[in-house]
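Taking it in order: structure first as structure tokens, then the write-up.
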Amino acid sequence: MNAAVHPVDVQHRYEELKERGFCIIPGALPVSVLQDLATDLAPAFERTPFCQGDFYGARTKRFGRILARSVHAATVVQCPAILTLAHQILAPACDRIQLNLTQAIGIHPGAPDQFPHRDQDMWQGVKGEHEYLLNVIWPLTPFTADNGATRLFPETHGQRALTDTTPPPAELAICQPGDAICFLGSTLHAAGANIAETERRCLVTGYSLGWLKPYENQWLAYPPAVARNFPPELAALIGYAQHRPNLGNYEGQCPSVLLGDDVPEYLAAIDALTPDQAKMLAGYGKAPSSVTGRIDPAGRVDDR
Ligand SMILES: O=C(O)CCC(=O)C(=O)O
Ligand SMILES: [Fe+2]
């Protein structure tokens, strides 16, 4: 058991993630946080209908909007070691990271092995050049060999996600509440079969490149009336921030303007540029520009 929380050696975990595609951080958060979260989510686990479709699986349940369902969710979403790891993994390909989802998953007795997959395949961009996502599974019940512990396939990430070779044997994430199971968007993984008599529960928190469409629509999950009660860093993480340049703006301004008391009806659009763009722009107009031709309304080009 992980009664004590161990200081996390983030650099070591980062290297493990890069090398193997996943890492497990024992005791990343106090057990009590996960126990309180599990208590708050218990009614939703009971009432939510079973999933439909062969990917999710008809013996599983899933629901989102966890930050609106439990005050303890923010502690999990903002776990400092995980945020540091997410920044390290994703910063090379974005200006800022975003929360991709919070999702509670219940794997009920009788659930078969899930189809092994890579979560990055929800996006259609070029793969293998950078990571899209860091996912974290937080057990809310113990994960055992027979109740559906997550299966992780080592060294199937990065460039290897592009090749079709037979994956190596999976490793089972046998874990306890408080432990964090971290894996890259490019890592092959799946929920295990539940051949036990009790349900396996977890919370998934995922962080993706800030310019992607998130899996869970965060602005609908947490509209301004809800998000204004979050600390500013959490509101920014769920999308109340622009990704430079100018992406995700509201009337040309940072969408966090909607979290204030009085939102003016008319707003001035304000540049939100990357430092490189701001520098380029600052240099523009200093030298005389040369005109090489003109285009008339019929589209004819007069080269001079
Ligand atoms: O619940 C799990 O262990 C993994 C679930 C999963 O990978 C998914 O639904 O994408
Ligand atoms: Fe997955």
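Tell me the angle of helix 10-20 to the major Cα principal axis of the chain, expressed in degrees between 0 and 90 and rounded to the nearest ten. So the helix axis and the longest Cα principal axis differ by about 80 degrees. Across the accessible surface of the chain, with the other protein chains kept in place and a 1.4 Å probe, carbon and sulfur atoms take up 55 percent.
Leaving ligands and nucleic acids out of the surface, order 189, 87 by accessible area at 1.4 Å, largest first. Kindly include the intermediate steps, with their values, before the conclusion.
Numbers: 189 10, 87 90 Å².
Order by accessible area, largest first: 87, 189.
Cα centroids of the range 155-211 and the range 61-83: 18 Å apart.
Measuring only protein heavy atoms, the 1.4 Å probe finds residue 51 accessible over about 20 Å².
Going by accessible area, probe 1.4 Å, with all protein chains left in place, what is the ranking of 79, 94, largest first?
Values: 79 5, 94 25 Å².
Descending accessible area places them as 94, 79.
Helix 80-90 and the long axis of the chain differ in direction by around 50°, with both axes built from C-alpha atoms.
Using a cutoff of 8 angstrom between alpha carbon atoms and counting only pairs six or more residues apart, the relative contact order for the chain works out to 21 percent. Computed from Cα positions, the angle between helix 31-47 and the longest principal axis of the chain comes to roughly 90 degrees.
Kirkwood hydrodynamic radius, computed over distinct alpha-carbon pairs, for the chain: how many Å, to one decimal?
Values: mean 1/r = 0.0469 Å⁻¹.
Computed over Cα pairs of the chain, the Kirkwood hydrodynamic radius comes out at 21.3 Å.
Using a probe of 1.4 Å on the protein chains alone, the accessible area found for residue 160 is around 110 Å².
Semi-axes of the equivalent ellipsoid of the range 1-127 are 26, 22, 15 Å, computed as sqrt(5λ) over the eigenvalues of the C-alpha gyration tensor in descending order.
In this simple spin-label model, placing a label point 7 Å from the Cα along the Cα-to-Cβ direction at both residue 84 and residue 273 gives a separation of 3.5 nm. Note on the range 147-304: Cα-only Rg and Dmax are 24.9, 82 Å. Ordered by 1.4 Å accessible area with all protein chains kept, 138, 123 run largest first as 123, 138. Value of Rg to Rh for the range 98-185, rounded to two decimals, is 0.96; Kirkwood radius and Rg both from alpha-carbon coordinates. Here the contact order of the range 162-300, divided by its residue count and restricted to Cα pairs under 8 Å and six or more residues apart, works out to 13 percent.
Based solely on its DSSP helices, what 222 nm [θ] is calculated for the chain when runs of n ≥ 4 H residues each add -39,500 (n - 2.57) and the sum is averaged over all residues, nearest 500 deg cm²/dmol?
Details: 9 runs with 71 residues, N = 304.
Helix-only estimate at 222 nm: -6000 deg cm²/dmol.
Each Cα pair under 8 Å and six or more residues apart adds its separation to the average, and for the range 88-220 the resulting relative contact order is 45 percent.
The values are calculated or read from the model by the stated rules, or taken from the named source; none is laboratory data. Everything numeric here is computed off the predicted structure, so don't read it as measured data. Cβ sites come from the backbone with ideal geometry, for glycine too, and all protein chains shown count toward neighbours. Heads up: the accessible areas ignore ligands, DNA and RNA and are worked out on the full protein's heavy atoms, side chains in. Shrake-Rupley method; radii C 1.70, N 1.55, O 1.52, S 1.80 Å.
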